[in-house]
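See structure below.
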Amino acid sequence: MPTSETALTAPAPHPAPVPHPAPAPDRRRADLILFMVVAFAVSWASWGAAIAIGGDAKAGEAAYAPFLLGAFGPLIGALVIRIRRRRRGEPVPPHAVRFRAATALRWTPLLLVVASATVLAAGALGQAAGGPALSWADARDVMDGMGGPAAFLVSMLVSGPLSEEPGWRGTAYPRMRAKAGSLQVATALGVIWAVWHLPLFFIDGTVQNGLGLASPSGVLFAAANIPMAMLVTCAYERAGVVASIAVHFAVNTTMVLLGVETPAVQALIIGIQLIAVLVLWATGPGRAPSRPPRAAGTPR
């Protein structure tokens with residue numbers, strides 16, 4: 001039997017270790033894959049239906065409804081991811097740019113003007129080099145053909161900027177930024193964007209169909225998705241989805257009004273937009289390390 005002194009000096013038993021809670025699962029990759037699947041499935045299935053129906057994708061034609069629905073694939077994918085994230089009670093991804101009214105009012109008008117100017121400058125340079133002349137009369141004809149200026153502007157805002165930017169920039173971009181820098185992600189999204197547009201080349205009445213997939217103009221259209229993605233990414237990093245919508249709208253609208261189709265002007269737009277991107281990137285917030293550090297225990 002141990003003495004009382006031995007009993008008093010015997011080491012106390014170690015307390016049982018307290019189990020630490022398991023880290024929150026990282027669902028960024030799964031959400032990104034789901035977004036891409038939904039965006040492509042909705043868009044390509046709708047555009048495939050328009051191709052099968054045949055005819056022009058114009059208001060009043062049978063192919064118009066599925067053609068228009070296809071543009072909303074990225075927005076539908078974004079809504080699916082947001083609903084899932086909120087049901088799981090997860091925070092907004094760190095690289096998502098939240099809407100701030102003051103920031104949007106400060107940056108959006110300027111970025112809209114810059115975006116439109118990249119197209120106008122290319123058109124003016126093309127005209128100076130002997131290309132097609134810029135004509136306000138032609139622009140008025142385009143608007144009249146779509147029901148007037150108001151209907152034209154609403155159509156240009158909804159089909160493209162509003163239907164795509166909440167998905168590509170507002171949803172895919174922040175999740176891809178967790179693994180790479182802004183420039184790499186913008187380039188990758190530009191390539192994905194170009195592939196996403198491919199079915200439009202086979203729908204009568206679309207701009208892409210008029211260019212032709214295998215033509216120099218069609219190839220340049222596909223290539224132009226990369227600097228365009230960089231440009232709207234610069235806008236997103238400054239003022240969020242509102243700014244990226246404005247830049248997307250400005251470029252699309254100006255190109256349609258000018259009737260940009262010639263390869264020379266398309267190439268000039270690509271070059272001028274790349275210059276604009278370099279300036280914006282050098283003076284803006286999109287210069288984080290290519291692999292940003294992850295906050296410990298923070299799900300993204």
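The values are calculated or read from the model by the stated rules, or taken from the named source; none is laboratory data. Just so we're clear, the structure is a prediction, and the values are computed from it rather than from any experiment. Here Cβ is always computed from backbone atoms with ideal geometry, including for glycine, and neighbour counts include all displayed protein chains. Surface areas here come from the heavy atoms of the whole protein model, side chains and all, with no ligands, DNA or RNA. Shrake-Rupley method; radii C 1.70, N 1.55, O 1.52, S 1.80 Å.
Roughly how many Å is it from the Cα centre of segment 71-109 to that of segment 221-287, as a whole number?
20
Quick check: convex hull over the Cα atoms of segment 171-275, volume per residue in Å³, rounded to an integer?
In segment 171-275, the Cα hull volume divided by residue count equals 103 Å³.
Before I look further, what does the chain give for accessible area per residue, probe 1.4 Å, in whole square angstrom?
It amounts to 51 Å² per residue over the chain.
Full extension from ILE53 to ARG29: what is 0.36 nm times the residue separation minus their Cα-Cα distance, to one decimal in nm?
Extra length available between ILE53 and ARG29 comes to 5.1 nm.
How high is the FRET efficiency between ARG87 and ALA128 when r is their beta carbon distance and R₀ equals 51 Å, given to the nearest 0.05?
Efficiency for this residue pair is about 0.35.
State log₁₀ I(q)/I(0) for the chain at q = 0.10, 0.11, 0.14 Å⁻¹ as given by the Debye formula over alpha-carbon point scatterers of equal weight, solvent excluded.
Per q value, in the given order, log10 I(q)/I(0) is -0.59, -0.70, -1.09.
Return the Rg/Rh ratio of segment 114-194 with Cα-based radii and a Kirkwood Rh.
Over the Cα atoms of segment 114-194, Rg/Rh equals 1.11.
Quantify, in whole percent, the carbon and sulfur part of the accessible surface of the chain (1.4 Å probe; protein heavy atoms only).
Ligands and nucleic acids excluded, carbon and sulfur reach 69 percent.
Per Stokes-Einstein, at 37 °C and 0.692 mPa s, what whole-number D in µm² s⁻¹ belongs to segment 177-239, with the Kirkwood radius over Cα pairs as the hydrodynamic radius?
263
Subtract the Cα-Cα distance of SER135 and ALA45 from 0.36 nm times their separation in residues, and report this length gain in nm to one decimal.
Going from the current span to full extension adds 28.7 nm.
Let's test the formula: R0 of 30 Å, r as the Cβ-Cβ distance of ARG98 and SER159. What FRET efficiency results, to the nearest 0.05?
Efficiency at R0 = 30 Å is approximately 0.70.
Given the options GLY167, PRO149, LEU134, identify the residue whose Cα lies farthest towards the positive end of the charge dipole of segment 134-180 (+1 on Cβ of Lys, Arg; -1 on Cβ of Asp, Glu).
The residue sitting most towards the positive pole is GLY167.
Quick check: the angle from helix 73-88's long axis to the longest principal axis of the chain, C-alpha only, nearest 10 degrees?
Result, in degrees: 20.
If I fit a long axis through the Cα atoms of helix 182-196 and take the longest principal axis of the Cα atoms of the chain, what angle between them do I get, 0 to 90°, rounded to 10?
50
Averaging the inverse of every distinct alpha carbon separation and then flipping it gives the Kirkwood radius. What is it for segment 102-256, in angstrom units?
Final number for the Kirkwood radius of segment 102-256 is 16.5 Å.
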